[in-house]
1. Sort A:115-126, A:247-258, A:55-66 for me by packing, meaning the mean count of neighbouring Cβ atoms within 10 Å per residue, highest on top.
2. How compact and how long is segment B:92-233, expressed as Rg and Dmax of its alpha-carbon atoms in Å?
3. Mind listing which trypsin sites (Lys or Arg not before Pro) in segment B:20-113 are in a DSSP loop and have 15 or fewer other Cβ atoms within 10 Å?
4. Extending each Cα 7 Å along its Cβ direction at B:K227 and A:L35, get the distance between those two points in nm, one decimal.
5. Once the principal axes of the Cα atoms of segment A:119-203 are found, what is the range along each, listed largest first in whole angstroms?
6. Pop out the ³J(HN,Hα) list for segment A:114-123 in order, Karplus 6.51 cos²θ - 1.76 cosθ + 1.60 with θ = phi - 60°, rounded to Hz; leave Gly and Pro as x.
7. Shielding by partners for A:223-236, please: the mean number of other protein chain Cβ atoms within 10 Å of each residue's Cβ.
8. Restricting things to Cα coordinates, could you compute the convex hull volume per residue of segment A:158-279 in Å³?
Amino acid sequence: MASSIPASAPAEAVRLAAAPAARAPRRRRPWLVMLGVGFVALLVLVAVAAPVLAPEDPIRQSLRGRLSPPTWEGSDRRAHLLGTDHLGRDVLSRVIYGSRVSLVIGFSSVLVGGILGSAAGLMAGFGPRRMDAVIMTLADAQLAFPFILLAIGIIAVLGPSFPTLVVVIGLSGWVSYARILRAQVLVVRSREFVEAIHALGGSFARVVLRHVLPNVLSSIVVIATLELARAIVLEATLSFLGLGIQPPTPSWGGMVQDGREYLDSAWWISTSPGVVLMITSIVVSRTGDWLRDVLDPTLRGE
Amino acid sequence: MRGFVPFLGQRLFRALIALWLVSTVVFVVMRLSGDPVPLLLPPDAPTSEILRVRHDLGLDQPLPVQYVIFLGNLAHGDFGRSIHFREPAFNVVRGYLAATLELGLTAFVLAAVVAVPIGLFSAMRRNTLVDHVAMGLALIGQSAPTFFLGILFILLLSLKADLFPTSGRGDWRNLVLPALTLGAFTMASIARLTRSAVLEVLHADYIRTARAKGVRETWVVAKHTLKNAAIPIVTITGLQFGTLLGGAVVTETVFAWPGIGRLAIQSIYDRDYPVVQCTVFLAALMFVVINLCVDLIYGVLDPRIRAG
């Protein structure tokens, strides 16, 4: 779960929370960023090429081949590298196909959150004071509440369909984008050249595209990366609770849930997707942190 | 204390707005989900009976009227009767509250007690192997999915090592794994925060002065460093307690812990709206109150922020 720190929290404390090592000599580590980006690219490749890479059909059941252990543990050297689950489905193939759900929902909801958040931030910054107050109060209210409870409620009621998941997970992350855009708009708005653009008949879009967005682009990239990690984990958590993409479509969270009953006898069912999920989450969020150090040190407030 | 009353008023106002928004969302979502009456009655119930139950529950009123009644009831602490348990929803939730508080407080205390010394030690021994290992673990703790951490703990510490029971509530041994799972994120955050707060302070002029005066190193750490690093630590630590409540839903489900998180999930499946409303509202209330307290503590500790 991502930490949610209400806006009302004193800025000093938030700044420190965001700074892994204040005043540490900042080492530029672009190769680590490249490693992270490379990992995500690999994951995308796996997701796209799943039909080629997966040794078997991920939803084909085989009652005779139930719960067979991974190759290195099994006595019979069947061709299941990571074993099979309680329905005899090949775990490796399911993990490979599961990356599709994680990535598609992850990227789509980051996109939805980014668009909604940016729009809200622009509206708050350029709009009348009252609109600003309403939007920022909404942001505070959302951060002032464990969003997962709300997400669970909404999805349980509306049904766990793909669009619902994307919108709910996207909505869970709009606030950071809104904040950063609003702040930038407030900086730019009071500048004389913006007034000059208005006076000369320049358009609103011009101000946004030429003077607001370029200044926040790197921050947005950083936020989007961190949000991607959060979205993937949130999707997996919802799937684990039975509120994600429904079976038989394989998803990492759902697979961990499937294997829960068999932890004692067939540990590999839960562990394989779980470890992949964990690595993904750690690598992506670390990449976000490193990107922040490289692209936008101001986000950590130094 | 000039400026403190407006500061207090503003924070209180925000807290009320947040509560109102949460309850409105709850109302809208619950009404979107359809009619609970068929769940209450046998499938062959006569229409007159259905209408009677609808009337009893106030579901035959127009939506705005229902909304006003809903808000009025909330203000009185009346969350309606549980459909599943057939008693007032608040009584049901109250029965589960103790388990959640027990788990949440244990996780929180565990996290703080473990993390602050680790963070401090990491900062003092900066860039040593210990520091790297501790911060590496903290990073994993911060980004690992809570539910999978729980599964890993069950697999390794309960099934393989047989140290703790896998689920349920009982003596302290039942509490260890859920508290570790729930507290992992908080622990990691506090450790990292403590480290950076201490590092920040270690560079301050007054630390150099203290050292130059010949103050003993332990005293420098205890008095000058920790005391000054405490403000951000206290703030974030307090806020973390609020986020724990969200994690409780997942942790309680993994460990079959009989708290309000698991109750909420179960009630959603049962379409037991009054109980869901009540849990969500109480969770929001706790969250908002905690945030308010943290803000106020901060306002007292650091008068500068009252101006801002």
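1. A:247-258, A:115-126, A:55-66
2. In Å, with Rg to one decimal and Dmax whole: 18.5, 62.
3. Loop-located and lightly packed - B:R86.
4. 4.2 nm
5. In descending order, the Cα extents are 52, 25, 18 Å.
6. x, 5, 4, x, 5, 4, 4, x, 5, 4
7. Going residue by residue through A:223-236 and averaging, the value is 1.
8. With only Cα atoms used, segment A:158-279 gives 121 Å³ per residue.
Rule-based calculations on the coordinates, nothing more; no lab input. Remember, predicted model here, so these are calculated numbers, not experimental data. Note that each Cβ is placed from the backbone with ideal geometry, even for glycine, and that neighbours are counted across all protein chains shown.
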